[in-house]
1. Pull up the DSSP beta bridges for the chain and report the antiparallel fraction as a percent, rounded to 5.
2. Can you report the principal axis dimensions of segment 18-105 using only the alpha carbons, biggest first, rounded to whole angstrom?
3. Where both partners of a DSSP beta bridge lie in segment 191-263, what percent of those bridges are antiparallel, to the nearest 5?
4. Of the chain, which part is the longest with no GluC sites (Glu not before Pro) in a loop (DSSP not H, G, I, E, B) and with at most 16 other C-beta atoms within 10 angstrom?
5. Would you kindly work out the equivalent ellipsoid of segment 34-80 from its C-alpha gyration tensor and give its semi-axes, the square roots of five times the eigenvalues, largest first in whole Å?
6. For segment 4-54, what is the relative contact order in percent, using Cα pairs closer than 8 Å and at least 6 residues apart in sequence?
7. Of the options 41, 20, 54, report the single residue whose Cα projects farthest towards the positive end of the charge dipole of segment 4-54 (beta-carbon charges: Lys, Arg +1; Asp, Glu -1).
8. Specify the angular offset, from 0 to 90 degrees and rounded to the nearest 10, of the alpha carbon long axis of helix 239-252 from the longest principal axis of the alpha carbons in the chain.
Amino acid sequence: MRTYEEIVEDMKQSFFGLSGYIPDEASDLGIRMNVLAGEIYNAQTYLEWIKRQVFPQTAQGEYLDYHAQMRGLERKEAVKAVGEVEFSVEQAAEIRIDIPQGTVVSTGGEYPVSFETTEYACINQGETSVSVAAQAVEGGLNGNIISGKISVIVTVAANNLSVTNLTPFRGGTDSEDDETLRERIINSLKFIINGTNREYYASLAKTVSGVECVNVVPYKFGAGTVAVYISGKNSRSDADTVSAVRELLEVQREVNVHVFVIAANLKTAIIEANVTLEAGYDIDEVQEEVNSRARELTESYDVGKSLSLYEINDILYHTQGIKEFEVLSSGTTGLTVNSNEKIVLGHLYLRG
């Protein structure tokens, strides 16, 4: 694309070729030429923008959504993380302590994350604690927290009442970004989605919010059957998500085909490796980097895909600070999964 300066210079040279002189920039003709060049540049910029929106490889925002709709796809909304919180008192309650549905609690710190209970609970007289289901107030990855992070009660006032989460909150995902949606659109163009192949059912299932990983197994329960196993990146699909996928596929399935939608089981991978570090590197920092890369790798896996030792070795080999390494077979488990299992990383332990 030509710059504004290039357009002005081209106009001056064309004018010079016809008139034999170049107008002064302060003259009426020079000012008109600069204004016209600016309008040409703006029109050129707009045309370039239009060109980017025409193709799914370069379209953005709502225009990428239009490409998705042409393929029967939609951008996924953010999903709220779910888990349990425990309310407790130091001594047995003298009277019943009610904890209404919708009670808000949060993590501490400078940027707290809020959660709300999804059912009524109470600490009965003579008891000291109760666990209650809860979910993040807002969808997104921020709701995925480790155990022990929740510590603040926001909307219930009761003497000596405290709260925590004994288990992690999982399943939260951000709304689908342009690059992820673009990948799904392009994949849908690569395969002939005609109702007779695995990609057809996998693509449909992944249009449901909360479904990130899928494995389609034809003839799983005999002729004319298709099993569709679904999960999140690190979480098991709940009953509502399974039901939503089942309803969608029931409408879109082939004639005389029975589709079974099943929540995939999670299989935790534990990996241990002996490492020798380069001078000046801290094993805790290297450990964090290795776990981050390994978790990102497993999150990208669909249901039914196993993790190979080659991929683990590749992570360790390309992690800065590791001089030598050896994956320990005795402490490494859960790498191989069945067709109905989704691999998730438990931990990759580095032994110095």
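1. The antiparallel proportion sits near 70 percent.
2. Projected onto the principal axes, the Cα atoms of segment 18-105 cover 101, 39, 16 Å.
3. 55
4. Result for the longest clean stretch: 139-253.
5. Equivalent ellipsoid semi-axes, largest first: 33, 12, 6 Å.
6. 37
7. 54
8. Value to nearest ten degrees: 50.
Throughout, read-outs are computed from the coordinates displayed, never taken from laboratory work. Bear in mind the structure is a predicted one, so any value in this text is a computation, not a measurement. Here the Cβ is made from the backbone with ideal geometry for all residues, glycine too, and neighbour counts use every protein chain on show.
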